[in-house]
1. Is it fair to say residue 195 is surrounded by fewer than 17 Cβ atoms within 10 Å (Cβ to Cβ) and either in contact with a Phe, Trp or Tyr (Cβ under 7 Å, 6 or more places away or on another chain) or assigned to a loop (DSSP other than H, G, I, E, B) (or both)?
2. Condition test on residue 218, is it touching a residue at least 12 places away in the same chain (Cβ under 8 Å), part of a strand (DSSP E or B) and surrounded by 17 or more Cβ atoms within 10 Å (Cβ to Cβ)?
3. Suppose we filter 96, 103 for residues that are farther than 30 Å from residue 18 by Cα, modelled with pLDDT under 90 and outside any helix (DSSP H, G or I); which single one remains?
4. Consider only pairs whose beta carbons are under 9 Å apart and that are at least six residues apart or on different chains; among these, list those whose first residue lies in segment 149-164 and is assigned to a strand (DSSP E or B) and modelled with pLDDT of 95 or more and whose second residue is surrounded by fewer than 17 Cβ atoms within 10 Å (Cβ to Cβ) and aliphatic (A, V, I, L, M).
5. Go through the residues of segment 201-217 one by one and say whether even a single one is out of contact with any Asp or Glu (no Cβ under 8 Å at 6 or more places or on another chain), under 16 Å from residue 68 (Cα atoms) and among the acidic types (Asp, Glu).
6. Checking the structure you have, find out if any residue of segment 105-125 is over 21 Å from residue 41 (Cβ atoms), in contact (Cβ under 8 Å) with a residue 60 or more places away in the chain and touching a Lys or Arg at 6+ places or on another chain (Cβ under 8 Å).
7. Yes or no: segment 54-62 includes at least one residue that is charged (D, E, K, R), touching an Asp or Glu at 6+ places or on another chain (Cβ under 9 Å), farther than 25 Å from residue 184 by Cα and in contact (Cβ under 8 Å) with a residue 12 or more places away in the chain.
8. Please count how many residues of segment 70-93 are part of a loop (DSSP other than H, G, I, E, B) and among the β-branched types (Val, Ile, Thr).
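The values are calculated or read from the model by the stated rules, or taken from the named source; none is laboratory data. Source: prediction; values computed, not measured. Methodologically, a virtual Cβ is constructed for each residue, glycine included, from the backbone with ideal geometry; neighbour enumeration extends over all protein chains shown.
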Amino acid sequence: MLLALAGTGAAEENKPLDPAVVLGLVQSFYDQTKTLQAEFEQTRYTQLYDRYDRATGKVVFKKPGMMRWDYAQPNGQVFVSNGKKLLIYQPPEEGEKRGQLIERAVDEDQLPSAFSFLTGSGNLEKDFEVRLLEHDNEKFEDGYVLQLIPRRPTPNYEQLVFYVRTLTHGGKRAGVVQRVLIIDSAGNRNRFDFSKLKFNRDVPDKRFSYRPPKGTERVTP
């Protein structure tokens with residue numbers, strides 16, 4: 001099994017694939033992936049305010065159902081799911097003394113829902129209708145851009161867009177997702193670009209437990 005990914009563009013083959021086939025390559029690859037670690041760059045566009053916000057950090061996924069997002073400073077947020085509940089730590093803003101810890105069900109938040117294919121709780125081929133999009137102007141020059149429309153509507157997003165690179169591993173093609181764009185019904189766009197991907201490294205379960213700083217206010221919506 002692939003342990004680290006680098007230079008996937010060089011492995012691209014010239015013959016284009018049907019979008020359903022590409023999606024199958026993605027599902028098959030992540031079916032074999034027990035853990036994934038990566039660095040990410042997030043670009044969030046808020047339609048109402050016509051505003052872009054950017055952040056970076058590190059993320060780790062582990063089956064079944066676990067994930068953790070650690071945002072670099074000055075953002076400092078932490079998202080942790082143990083597969084049953086999601087904890088969101090928001091550090092104190094300027095002028096505040098205490099941060100907040102929000103607890104909610106995993107199906108009530110956009111991130112666990114959109115990345116369920118990485119935590120083993122979703123199946124792309126069963127959950128989505130897919131079609132191939134033209135490459136946009138964001139320099140994704142090789143690979144495939146897939147639009148995924150959920151077969152069952154969800155309040156968390158309206159569609160997903162996967163930027164997929166294919167590579168040959170063990171004589172077979174595999175699909176690796178290097179960018180995920182989440183679009184909701186209000187026109188908000190939440191994009192994650194992944195780098196330094198590592199697969200199937202040992203990650204202890206305690207990585208998905210989180211104890212907030214002393215004095216944090218706990219909030220249950």
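1. Details: surrounded by fewer than 17 Cβ atoms within 10 Å (Cβ to Cβ): yes; either in contact with a Phe, Trp or Tyr (Cβ under 7 Å, 6 or more places away or on another chain) or assigned to a loop (DSSP other than H, G, I, E, B) (or both): no.
Spelling it out, it is not the case that residue 195 is surrounded by fewer than 17 Cβ atoms within 10 Å (Cβ to Cβ) and either in contact with a Phe, Trp or Tyr (Cβ under 7 Å, 6 or more places away or on another chain) or assigned to a loop (DSSP other than H, G, I, E, B) (or both).
2. Numbers: touching a residue at least 12 places away in the same chain (Cβ under 8 Å): yes; part of a strand (DSSP E or B): yes; surrounded by 17 or more Cβ atoms within 10 Å (Cβ to Cβ): no.
Answer is no for this residue.
3. Values: 103 fails: modelled with pLDDT under 90.
Sole residue among the options that is farther than 30 Å from residue 18 by Cα, modelled with pLDDT under 90 and outside any helix (DSSP H, G or I): 96.
4. Within 9 Å, the pairs are 159/149; 160/149; 161/133.
5. Let us first name the residues in segment 201-217 that are out of contact with any Asp or Glu (no Cβ under 8 Å at 6 or more places or on another chain), namely 201-217.
Filter again for under 16 Å from residue 68 (Cα atoms), leaving 201-212.
Filter again for among the acidic types (Asp, Glu), leaving 202, 205.
Checked against the condition, which is being out of contact with any Asp or Glu (no Cβ under 8 Å at 6 or more places or on another chain), under 16 Å from residue 68 (Cα atoms) and among the acidic types (Asp, Glu), segment 201-217 yields at least one hit.
6. No.
7. Of all residues in segment 54-62, those charged (D, E, K, R) come to 54, 58, 62.
Then drop every residue that is not touching an Asp or Glu at 6+ places or on another chain (Cβ under 9 Å), which leaves 54, 58, 62.
Next, from what is left, pick out any that are farther than 25 Å from residue 184 by Cα: 62.
Next, from what is left, pick out any that are in contact (Cβ under 8 Å) with a residue 12 or more places away in the chain: 62.
Yes; the residues of segment 54-62 include at least one that is charged (D, E, K, R), touching an Asp or Glu at 6+ places or on another chain (Cβ under 9 Å), farther than 25 Å from residue 184 by Cα and in contact (Cβ under 8 Å) with a residue 12 or more places away in the chain.
8. First, the residues of segment 70-93 that are part of a loop (DSSP other than H, G, I, E, B): 72-77, 83-84, 91-93.
Next, only the ones that are among the β-branched types (Val, Ile, Thr) stay: none.
Total meeting the criteria: 0.
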